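The structure under discussion appears below in the form of structure tokens.
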């Protein structure tokens with residue numbers, strides 16, 4: 001006897017997801033090399049992404065250094081992404097007093113840090129995290145993605161937030177144990193496919209549409225010490241109809257235990273799912289720099305659309 005497998009399909013609001021709030025280590029390898037600073041006269045600009053050098057695709061700073069050593073001071077052609085444009089440029093490397101050939105710029109090809117997984121979709125074995133994109137610390141530019149992954153982490157230290165000084169979660173993670181790949185780095189979060197489902201266990205919940213979200217009591221799930229995920233009380237102070245850049249909800253932390261531990265919202269908590277009336281309504285995205293007890297959140301619907 002033959003059987004056919006029927007996979008249910010859902011609208012966004014009917015799509016059951018597992019809210020997680022688990023801290024993870026995140027690593028991203030860029031597509032090309034991002035120019036983060038310019039220290040000498042050059043045709044390159046801060047924020048440019050170096051895609052090719054003399055026709056060779058660039059995937060790491062080591063590849064750039066190797067080509068510079070090989071070519072010496074000869075004029076080199078460059079394919080560069082500048083904003084939405086792809087440019088063809090040419091320049092000659094300069095030799096420093098140490099004998100090393102350079103293009104006169106600082107470049108970055110990867111990033112790593114701590115963030116929070118918002119949800120797991122058991123129907124598609126996919127996840128969403130952060131609620132905002134991974135940007136370069138120097139240029140604030142969204143990092144181009146060649147490949148990336150997330151790994152389990154244990155929070156070992158907390159820098160408490162204070163007015164004018166955002167706090168931070170610090171964790172230990174092994175770059176050797178990936179639990180999910182990263183396929184999208186967008187302004188609404190990072191997304192990918194789960195490879196180790198044991199990390200993503202939980203009870204599915206319904207998803208709230210933006211019009212269901214109300215000002216008032218809510219909670220977040222977050223991991224701010226060790227690997228213990230807890231639910232903390234917050235208040236949704238304002239719902240923005242046309243919120244931009246992960247600022248759909250204005251949040252205020254009310255939980256005394258969380259305030260005592262972190263001072264409020266800190267870096268690394270981005271992605272913590274926001275729950276209200278038995279539904280997932282969004283994720284924490286940003287802290288208010290001058291008031292760490294407050295912050296912003298993104299509608300979960302926007303994360304699902306981006307993922």
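The values are calculated or read from the model by the stated rules, or taken from the named source; none is laboratory data. Just so we're clear, the structure is a prediction, and the values are computed from it rather than from any experiment. Heads up, the Cβs are rebuilt from the backbone with ideal geometry, glycines too, and the neighbour counts pull from every protein chain shown.
Computed quantities for the displayed model
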item: Some residue of region 199-215 being closer than 23 Å to residue 280 by Cα, free of Cβ contacts under 8 Å to residues at least 60 places away in the same chain, in the same structural domain as residue 132 (by TED's automatic domain parsing) and in contact with a strand residue (DSSP E or B) (Cβ under 8 Å, 6 or more places away or on another chain); result: yes
item: Residue that is modelled with pLDDT under 90, assigned to a strand (DSSP E or B), out of contact with any helix residue (DSSP H, G or I) (no Cβ under 9 Å at 6 or more places or on another chain) and surrounded by 14 or more Cβ atoms within 10 Å (Cβ to Cβ), where the choices are 151, 111, 78; result: 111
item: Residues located in region 269-292, provided they are part of a loop (DSSP other than H, G, I, E, B) and either modelled with pLDDT of 95 or more or in contact with a helix residue (DSSP H, G or I) (Cβ under 6 Å, 6 or more places away or on another chain) (or both); result: 269, 270, 271, 272, 277, 278
item: Of all residues making up region 154-166, the number that are surrounded by fewer than 17 Cβ atoms within 10 Å (Cβ to Cβ) and in a strand (DSSP E or B); result: 6
item: Answer residue from region 54-71, given it is over 10 Å from residue 33 (Cα atoms) and touching a strand residue (DSSP E or B) at 6+ places or on another chain (Cβ under 6 Å) and is surrounded by the most Cβ atoms within 10 Å (Cβ to Cβ) among those; result: 68
item: Residue within region 20-38 that is modelled with pLDDT of 85 or more, exposed (fewer than 12 other Cβ atoms within 10 Å of the Cβ) and more than 25 Å from the chain's Cα centre (by Cα) present; result: no
item: Checking residue 302 against (1) farther than 15 Å from residue 214 by Cβ; (2) in contact with a strand residue (DSSP E or B) (Cβ under 7 Å, 6 or more places away or on another chain); (3) buried (at least 19 other Cβ atoms within 10 Å of the Cβ), the condition it does not meet; result: (2)
item: Unique residue being modelled with pLDDT of 95 or more and surrounded by fewer than 16 Cβ atoms within 10 Å (Cβ to Cβ) when the list is 195, 219, 223, 229; result: 195
item: Residue in region 267-277 that is farther than 18 Å from residue 223 by Cβ, surrounded by 24 or more Cβ atoms within 10 Å (Cβ to Cβ), in contact (Cβ under 8 Å) with a residue 12 or more places away in the chain and within 14 Å of the chain's Cα centre (by Cα) present; result: no
